[in-house]
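J.: Pasting in a structure now, in structure tokens, and then I'll have a few things to ask.
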Amino acid sequence: MEQLSHRWSPRAFTKTSIEPEVLARIIDAARFAPSCFNAQPWRFYTSNDSTFADYLALLVDANQVWAKDAAVIGFLAAKKNFEHNGKPNAHSAFDSGAAWMSMVLQAQQEGLHCHGMAGIHKDAAKTFFTLDDNSEEVIMAFVIGKHGNTDALPEPLRAKEVPSPRKKLDEIWLAK
């Protein structure tokens, strides 16, 4: 529980790069997430030095302002259909979220932070990653990096640079 309770999503990052083997361990953690029929529908796309600006452009302007300082920008996509029978997988986004959380926890173990984003240009991302609209969907974007100096953020974002409050257990657990 301690690792979970210390997880949060900062916006202030340093430009410190992430070693390829560290990034591989972070993404590899996603493989161990549970999924319906063990389909593992998630696909992670991550930037490198030559593609960073292209990935950044796929974020809405409000996210570009702070995400530009992260080491890695990534996107999470999911296959919409099961590979074993071709039928729709109604749980692909949920399963991909479980994979994302596994990745986040591994990043935290590596001394890094992640911040997930819904503010993306989905159609542009689909085109950029050449996703087939009938079989794959973009779920979200994320950044990975070392937490940076809050003072480097624009004024409106500085106040948000704290862990978000969590709901109390009795607000989310409705046992009868």
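No lab work stands behind these numbers, since they all come straight from the coordinates. Keep in mind the model is a prediction, meaning the values are calculated, not measured. FYI the Cβ positions are ideal-geometry reconstructions off the backbone, even for glycines, and counts take in every protein chain you see.
J.: Under 12 Å from the Cβ of Ala12, count the other residues' Cβ atoms, weight Lys and Arg +1, Asp and Glu -1, and hand me the total.
T.: +3
J.: Something else about it: Over 28 Å between Cα atoms: which of Lys87/Lys122; Lys126/Lys167; Lys87/Lys168; Lys68/Lys126 fall into that group?
T.: Details: Lys87/Lys122 24 Å; Lys126/Lys167 34 Å; Lys87/Lys168 38 Å; Lys68/Lys126 21 Å.
Among Lys87/Lys122; Lys126/Lys167; Lys87/Lys168; Lys68/Lys126, the Cα-Cα distance tops 28 Å for Lys126/Lys167; Lys87/Lys168.
J.: Between the stretch 2-65 and the stretch 79-104, how far is it from one alpha carbon centroid to the other, in angstrom?
T.: Going from one Cα centre to the other spans 17 Å.
J.: Taking 0.36 nm per residue of separation and subtracting the Cα-Cα distance, what length does fully extending Ala93 through Asp151 add?
T.: Working: separation 58, 0.36 × 58 = 20.88 nm, distance 3.52 nm.
Result: 17.4 nm gained on full extension.
J.: If packing is taken as the average number of other Cβ atoms within 10 Å across a peptide's residues, how do 151-160, 10-19, 70-79, 166-175 rank, most packed first?
T.: So the peptides 151-160, 10-19, 70-79, 166-175, ranked by packing, come out 70-79, 10-19, 151-160, 166-175.
J.: For the chain, what is the mean residue ellipticity at 222 nm derived from helices alone (per DSSP H run of n ≥ 4: -39500 (n - 2.57); sum divided by total residues; nearest 500 deg cm²/dmol)?
T.: -8500 deg cm²/dmol
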